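This report concerns only the one structure given below.
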Amino acid sequence: MTKRYNNRELSWLEFNSRVLSEAGNTDLPLFERVRFLSIASNNLDEFYMVRVAGVYAQIKEKIKHETIDGLSPKEQLKKIKIKSSELLKKSNYIWSKLKKELSKQRIFFKSFNKLNEDEKTKLLEVFRNNISPVLTPQAIDPSHPFPFLFNQGHFLLMEMQKKGKKKSIYSIIVLPKNLKRFYDVSNVDAVKNYVSLEETVSSFATELFPGYEIINYLSARVTRDSDIEVEEEAEDLVVFYEKALKKRKRGRIVRLELRKGSDHNLKKFLIKKIKADEETVDEIEEFVGTHEISQILIGGKKDFYFKKFNPRQVERVNQFNGDYFKAISSKDMIVHHPYETFDAVIQFLNQAADDPNVQAIKQTLYRTTLDSPIVKALKKAAEKGKSVTAVVEIKARFDEEANISLAKSLERSGVQVVYGFVHLKTHAKSSLVVRLENETLKKYVHIGTGNYHPVNAKIYTDLSLFSADPNYANDIEKFFNFVTGYGDPGKLDHVILAPKFLRPKLNDLIDQEIENAKAGKHAEIWAKMNSLVDPKIIDRFYLASQHGVKIHLFVRGICCLKPGVKKMSENIYVKSIVGRFLEHSRIYCFSNGEAMPSRKNKVYISSADLMPRNLDRRLEIMLIIKNETVHAQVLDQIMMANFKDEKLSWELKDKKYHKVKASKNSFSAHEYFMNNPSLSGQGKSIIKDKIKNLKI
């Protein structure tokens with residue numbers, strides 16, 4: 001049984017290793033490689049705050065529950081630490097290479113001793129004017145106990161001696177998050193000489209402790225358990241989360257980052273004071289909190305960055321002079337972000353807010369920003385007297401605080417805010433606009449695979465379906481009534497909802513492919529997702545493979561399925577695409593007895609990954625694509641490009657991902673979509689030469 005699955009946490013670490021590999025990819029522009037290093041470091045932070053914290057909690061509570069690959073919590077933690085250590089070594093090695101590349105471009109990271117006198121003078125001015133006033137140096141003695149260190153808190157621990165004395169004392173300086181991490185002290189325009197915040201503060205620490213000498217110091221950072229469990233009787237979710245967020249900052253330490261080569265005695269003193277375990281310590285080559293290296297990514301040469309890409313406008317809407325209601329009424333369309341502008345979603349809602357014929361707007365919000373244009377459109381609509389409802393999911397991890405503020409802001413503008421269910425995250429992404437046309441109410445819907453987040457929408461690949469089809473619209477109306485009023489809509493006609501119906505529907509679709517294989521018909525599955533974890537779905541894929549169903553899976557992140565195993569999964573192929581954009585859309589395609597791609601194949605888009613949380617503990621949407629042009633765009637264009645991609649692809653074989661061998665002229669899915677407009681957004685019949693080169 002245990003040999004059937006990959007470990008979820010180790011699979012995630014494999015994914016982050018692929019991200020980190022992009023930092024070492026010399027085909028990429030220099031600053032983009034630095035950005036990938038920062039992203040990988042930030043990813044690891046979140047992994048420790050949630051996933052590793054969960055394993056520690058299991059060990060503490062003496063929970064014996066085994067993972068799907070048969071590991072106890074202690075065994076899993078041991079493997080996580082080994083893999084994390086490998087990632088850390090890889091990160092340190094890549095940074096050493098990047099630093100050399102940066103130095104060739106006259107970008108340097110310097111210690112205080114390597115600065116000339118003018119640069120030292122400039123750094124002292126920076127310290128006195130921009131840093132020192134916000135620092136709170138604290139001695140550590142019986143009257144000044146060791147302070148509490150907040151989650152992701154960066155600090156300096158110092159050993160000092162009073163001049164003429166031999167006895168050492170200790171002090172700590174917490175470095176506020178709102179301070180810059182790197183300061184350029186060069187006096188030459190073409191040169192960047194960066195000095196880190198910790199190097200700056202330690203160099204002038206005697207100004208904070210007059211009469212003392214600094215004997216040793218170390219730079220450190222703590223990561224704490226940041227997961228939040230919802231109490232079953234949490235009657236007021238907002239109050240509960242406001243309290244829980246305060247507790248999050250005080251969770252147990254799951255990671256202690258120290259600069260490599262730190263003084264042993266100081267390290268020992270620190271570990272004792274904060275009651276950390278030795279196994280939580282990670283030694284970083286140069287900068288703890290490596291994610292902050294992205295702060296240097298300003299200015300520089302054009303060739304330091306990816307070539308600028310401006311998302312295309314939606315041609316279909318342009319053909320109707322910007323009128324979304326007319327464009328959508330003509331036929332369904334899918335907008336492919338970020339290649340086509342996310343402004344399409346914003347413009348649709350703005351038009352709805354301004355249109356006197358629009359009576360009501362209903363909107364889900366999972367992740368967005370307080371200053372989001374979508375939020376502004378909803379506020380504007382409410383202020384103009386329209387009925388506006390926002391389903392705000394405050395349980396969106398790490399966005400809870402922002403979503404509470406967002407909800408309160410919406411309510412002040414007259415928006416009716418609903419928080420959904422206590423034990424079900426509302427992860428579905430949808431808008432419903434009700435408009436009076438010819439004395440009849442007509443409904444327009446937007447259904448997405450991603451979040452309504454204006455920043456993420458520039459780098460996440462997602463799909464936005466716009467439709468006035470009454471079948472979709474009626475189902476989405478019932479979905480909103482379910483979330484706001486708890487009236488169970490039962491089984492819908494064209495939209496499949498989790499947790500009640502999505503798993504059974506997927507099972508039926510896979511089973512149908514098995515039956516087709518048994519009957520000698522074509523049997524094949526193409527599926528694209530962020531993560532594949534659910535063991536029941538994986539087992540069904542295995543069963544389908546054993547009956548001869550060909551299965552192609554495009555899984556960006558975690559994959560617990562083992563492909564290519566004889567007599568179990570030899571008909572299953574798994575690949576992961578990692579590149580400039582983050583693959584995020586979820587697409588599920590079934591051959592339905594016909595070779596793929598074909599108009600008779602069944603194509604679905606969804607907000608859900610194939611994970612227990614999505615299928616069993618979240619409110620998700622999956623819907624079938626009916627319009628032929630949209631069907632062709634998703635199947636023949638998007639999925640086919642995933643097939644053909646070599647430049648960005650990694651194949652999963654023997655528990656490991658292997659980069660696909662590619663030449664400079666190899667096909668890149670991202671480059672293809674940057675240069676080729678989508679089909680349904682054009683508003684014309686399918687242009688065959690747009691997709692002929694994508695045929696398998």
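The values are calculated or read from the model by the stated rules, or taken from the named source; none is laboratory data. The model shown is predicted, which means the values in this text are computed figures rather than measured ones. Backbone-built Cβ (ideal geometry, glycine too); neighbour counts: all protein chains shown.
Pairs only if they're at least six apart or on different chains, beta carbon under 6 angstrom, first in the stretch 433-446 and in contact (Cβ under 8 Å) with a residue 40 or more places away in the chain and assigned by TED's automatic domain parsing to the domain that holds A390, second outside any strand (DSSP E or B) and crowded, with 19+ Cβ neighbours inside 10 Å; list them, first residue then second.
If the second residue must be outside any strand (DSSP E or B) and crowded, with 19+ Cβ neighbours inside 10 Å, the pairs left are V433/A352; Y444/I328; Y444/A468.
Look through the stretch 257-281, keep the residues that are part of a helix (DSSP H, G or I) and touching a helix residue (DSSP H, G or I) at 6+ places or on another chain (Cβ under 9 Å), and return whichever of them is farthest from M158 (Cα to Cα).
Filtering the stretch 257-281 for residues that are part of a helix (DSSP H, G or I) and touching a helix residue (DSSP H, G or I) at 6+ places or on another chain (Cβ under 9 Å), the one farthest from M158 (Cα to Cα) comes out as E279.
So for the stretch 119-128 (the condition being of a type in the set (F, W, Y), part of a strand (DSSP E or B) and within 36 Å of the chain's Cα centre (by Cα)), does at least one residue qualify?
Residues of the stretch 119-128 that are of a type in the set (F, W, Y), as a first pass: 127.
Still in the list and also part of a strand (DSSP E or B): none.
No, there is no match, as no residue in the stretch 119-128 is of a type in the set (F, W, Y), part of a strand (DSSP E or B) and within 36 Å of the chain's Cα centre (by Cα).
Would the stretch 255-268 turn up any residue that is surrounded by fewer than 18 Cβ atoms within 10 Å (Cβ to Cβ), under 26 Å from the mean Cα position of the chain (by Cα), at pLDDT below 90 and closer than 21 Å to I80 by Cα?
no
Consider A53 carefully, then state whether it is within 20 Å of I80 (Cα to Cα), of a type outside the set (S, T, N, Q) and at pLDDT 95 or above. Give the steps one after another, and end with the answer.
Values: within 20 Å of I80 (Cα to Cα): yes; of a type outside the set (S, T, N, Q): yes; at pLDDT 95 or above: no.
No, not satisfied.
With (1) crowded, with 21+ Cβ neighbours inside 10 Å; (2) assigned by TED's automatic domain parsing to the domain that holds E340 as the list, and W526 as the residue in question, which single condition is left unmet?
For W526, the exception is condition (2).
Among the numbered conditions (1) at pLDDT 95 or above; (2) surrounded by fewer than 21 Cβ atoms within 10 Å (Cβ to Cβ); (3) not polar (S, T, N, Q), tell me where K246 comes up short.
Looking at each condition in turn, K246 falls short on (1).
N178: assigned to a loop (DSSP other than H, G, I, E, B) and in contact with a helix residue (DSSP H, G or I) (Cβ under 8 Å, 6 or more places away or on another chain), yes or no?
Working: assigned to a loop (DSSP other than H, G, I, E, B): yes; in contact with a helix residue (DSSP H, G or I) (Cβ under 8 Å, 6 or more places away or on another chain): yes.
Here the answer is yes, as N178 does meet what is asked.
Across the stretch 316-348, what is the number of residues that are among the hydrophobic types (A, V, I, L, M, F, W, C) and farther than 18 Å from Y472 by Cα? Let's see the steps before the verdict.
As a first pass, look at the stretch 316-348 and keep what is among the hydrophobic types (A, V, I, L, M, F, W, C): 317, 320, 325, 327-328, 333-335, 342, 344-346, 348.
Still in the list and also farther than 18 Å from Y472 by Cα: 317, 320, 342, 344, 346.
Residues flagged as among the hydrophobic types (A, V, I, L, M, F, W, C) and farther than 18 Å from Y472 by Cα within the stretch 316-348 amount to 5.
As an exercise: evaluate N451 against (1) in contact with a helix residue (DSSP H, G or I) (Cβ under 9 Å, 6 or more places away or on another chain); (2) assigned to a strand (DSSP E or B) and give the number of the one condition it does not meet.
For N451, the failing item is (2).
Identify, from the list K500, K505, K478, the residue that is surrounded by fewer than 20 Cβ atoms within 10 Å (Cβ to Cβ), outside the structural domain of Y604 (by TED's automatic domain parsing) and either part of a loop (DSSP other than H, G, I, E, B) or not aliphatic (A, V, I, L, M) (or both).
On the way: K500 fails: outside the structural domain of Y604 (by TED's automatic domain parsing); K505 fails: outside the structural domain of Y604 (by TED's automatic domain parsing).
Exactly one of K500, K505, K478 is surrounded by fewer than 20 Cβ atoms within 10 Å (Cβ to Cβ), outside the structural domain of Y604 (by TED's automatic domain parsing) and either part of a loop (DSSP other than H, G, I, E, B) or not aliphatic (A, V, I, L, M) (or both), namely K478.
Regarding A608, is this residue surrounded by 21 or more Cβ atoms within 10 Å (Cβ to Cβ), in contact (Cβ under 8 Å) with a residue 40 or more places away in the chain, in contact with a strand residue (DSSP E or B) (Cβ under 6 Å, 6 or more places away or on another chain) and not β-branched (V, I, T)?
Here the answer is yes, as A608 does meet what is asked.
Are any of the residues in the stretch 23-38 in a helix (DSSP H, G or I) and surrounded by fewer than 16 Cβ atoms within 10 Å (Cβ to Cβ)? So that I can check it myself, show each step before the final result.
Residues of the stretch 23-38 that are in a helix (DSSP H, G or I), as a first pass: 23, 30-38.
Then keep just the ones that are surrounded by fewer than 16 Cβ atoms within 10 Å (Cβ to Cβ); that gives none.
The answer is no, given that none of the residues of the stretch 23-38 is in a helix (DSSP H, G or I) and surrounded by fewer than 16 Cβ atoms within 10 Å (Cβ to Cβ).
Scan the stretch 309-350 for residues that are over 17 Å from N456 (Cβ atoms), in a loop (DSSP other than H, G, I, E, B) and in contact with a helix residue (DSSP H, G or I) (Cβ under 6 Å, 6 or more places away or on another chain) and jot them down.
V314, F320, D332
Quick check on my filter: what residues within the stretch 284-328 are among the polar types (S, T, N, Q) and surrounded by fewer than 18 Cβ atoms within 10 Å (Cβ to Cβ)? If you could, list the steps in order and put the result at the bottom.
We begin by selecting, within the stretch 284-328, every residue among the polar types (S, T, N, Q); these are 290, 294-295, 310, 313, 318-319, 321.
Hits for the stretch 284-328 are Q295, N310, Q313, N318, Q319, N321.
Cβ-Cβ below 9 Å, separation at least six or inter-chain, first residue in the stretch 528-556 and closer than 19 Å to L10 by Cβ and in a helix (DSSP H, G or I), second at pLDDT below 95 and of a type in the set (K, R): which pairs?
Once the first residue is closer than 19 Å to L10 by Cβ and in a helix (DSSP H, G or I) and sits in the stretch 528-556, its partners that are at pLDDT below 95 and of a type in the set (K, R) give P535/R4; I538/R4.
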